[in-house]
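Here the structure comes first, spelled out in structure tokens, and everything after it is commentary.
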Amino acid sequence: MIGVNVPQACLWDIFFHMYLGDASLASLVCQCSKLLATSEDLQDWDASRYGRTIRIGSEYTLLELRRLWTAYLESCSPRNGSKQSAMRDTLDQGRETVLRKYYRGGGATIYPSLRTCGPLLLNAMRLQPKYFTNFWETVTTLFNSNALVALSHPNPTFLHSMRGEGFHVHYGTDPLSPFHLAPSLQTPAEESRTAHEMVKYALAEFQDWCDAFRVRAALNDNMLAVCFLLGDALAIARTHLYQRSNMAMSIPVAQWTSHPLALSSLEYDDHHAPTTFDVIDTSNLSDHLRLLNMLIVTILILSTASPWTGVLYTETLLPHRSDPTAQFVFLLAGIDMSAFSVLMGVCSVNHISGFTTICNTYDHVMNMAQDSFGLSGLQQSHHIFARTQPGACDPEASVSGSSSFSKPPALAFDPTQLAAVLYRTY
């Protein structure tokens, strides 16, 4: 939609608002019709105007995309008035459930976009509750009641997902969390800092991002490509490993399904899509899949082309333990950090350097405030760890003085000690 010059206001509405105006709905319908017309199969998509920049990694991914685009069109059909009425009821009931369960009555004190305010966190403390409550009350970022009246159509992109039709929006959804809000809080006069000004700044940054993407995508150098691949995170990592090793393995796209995760030969053979990566960001999947499960498969697809490539980012958001140090030990299944680094072949940059550039003061402040006021809502503990080859942190750790890390040194263990480590892990 950025590439075909859809109006900026429509882009923002479709991506962030759960209700749409007439113009935004018309833009969504038009774009879905174009996408369906150019995606009968992977070859059609590759030959389309979208295929140069937006790549599809498997046939299953394309089928699911077409299912969603079709669902959006059917939901927006003017002949389907009863459907739209039902969608409106579903959206309102879902919104009300989130408000009642998490935000009314002093429940939660979680405002995700506070993290983007950086050192001006305290300047935003007064604004965030008003903004976030307004978002979940109106399911838009608008503060003007007259503008809200024009948004009468439920946004189908919030009501269709892998779980089927229904309201499955996460309670922590916050439209401002992707944006850098600190510059909007620099004014010294507190009364001039408003939630509306924060939204205006996010809109301006969103405009800059779209403009930059549009300019870059228009160049015919094939240097910008975003490949979409749908499946379980661990299954996708394993599939890339087998693809690189030319091993024919049939892995389901997810648990409780028999559909195989088959990578597109058009993308991976003809277009040479990568099977190893300079950077892998796993978000906070380790909270749900556990850190060891993530590391075992992702380390093997990190690039080892040079000492400085191959960085794996893992995050935690849920407080598995009250003490951050105890939480870290829990995530490593009780293994000593040094032994863990030796066994896995990667080390935490934070551990080697003894410091971190990531500030998580927000979580500590909010958790302390929640405890002091006796609130029983959700608590979070956000930590980001960068893991890489030891030589990337310590040049003395290079293999026999070589700059290549593709062949790590052979390790020798005392059998009893190794057995004890593995036993404690499992």
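The values are calculated or read from the model by the stated rules, or taken from the named source; none is laboratory data. If you're wondering where the values come from, they're calculated on a predicted model, not measured in any experiment. Because the Cβ atoms are built from the backbone with ideal geometry, glycine has one as well, and the counts that use them run over all protein chains shown. All accessible areas refer to the heavy atoms of the entire protein, side chains included, with ligands and DNA or RNA removed. Shrake-Rupley method; radii C 1.70, N 1.55, O 1.52, S 1.80 Å.
Just a few scattered comments:
- If you go through segment 2-41 and keep only what is surrounded by fewer than 17 Cβ atoms within 10 Å (Cβ to Cβ) and in a loop (DSSP other than H, G, I, E, B), you end up with I2, G3, V4, N5, P7, T38, E40, D41.
- Test for W256: is it open to solvent by 60 Å² or more (accessible area, probe 1.4 Å), outside any loop (DSSP other than H, G, I, E, B) and hydrophobic (A, V, I, L, M, F, W, C): no
- A single member of R49, R88 is more than 30 Å from M366 (Cα to Cα), part of a loop (DSSP other than H, G, I, E, B) and either in contact (Cβ under 8 Å) with a residue 40 or more places away in the chain or touching a Leu at 6+ places or on another chain (Cβ under 8 Å) (or both), and it is R49.
- Looking across segment 132-151, the residues that are within 22 Å of the chain's Cα centre (by Cα) and either on the phi < 0 side of the Ramachandran plot or exposed (fewer than 15 other Cβ atoms within 10 Å of the Cβ) (or both) come down to F132, F135, W136, T140, T141.
- Taken as a whole, the condition of being of a type in the set (S, T, N, Q), in a helix (DSSP H, G or I) and modelled with pLDDT of 90 or more applies to T157.
- Selection count where residues are crowded, with 18+ Cβ neighbours inside 10 Å and either modelled with pLDDT under 75 or in contact with a Lys or Arg (Cβ under 9 Å, 6 or more places away or on another chain) (or both), scope segment 313-331: 3
- Qualifying positions in segment 272-307 - surrounded by fewer than 16 Cβ atoms within 10 Å (Cβ to Cβ), modelled with pLDDT under 90 and among the charged types (D, E, K, R): R290
- Checked against (1) among the polar types (S, T, N, Q); (2) open to solvent by 20 Å² or more (accessible area, probe 1.4 Å); (3) touching a Phe, Trp or Tyr at 6+ places or on another chain (Cβ under 9 Å), S113 meets all criteria but (2).
- Filtering segment 215-240 to residues that are in a helix (DSSP H, G or I) and closer than 24 Å to D46 by Cα leaves V215, R216, A217, A218, I236, A237, T239, H240.
- Considering each residue of segment 65-74 in turn, at least one proves to be modelled with pLDDT under 95 and open to solvent by 60 Å² or more (accessible area, probe 1.4 Å).
- Scan segment 177-213 for residues that are farther than 23 Å from P156 by Cβ, open to solvent by less than 40 Å² (accessible area, probe 1.4 Å) and either hydrophobic (A, V, I, L, M, F, W, C) or modelled with pLDDT under 85 (or both) and the total you get is 10.
- The condition (being modelled with pLDDT under 80, open to solvent by less than 70 Å² (accessible area, probe 1.4 Å) and in contact with a Ser or Thr (Cβ under 8 Å, 6 or more places away or on another chain)) is satisfied by just one residue among G310, G334: G334.
- Test for T97: is it among the hydroxyl-bearing types (S, T, Y), at pLDDT 85 or above and not in a helix (DSSP H, G or I): no
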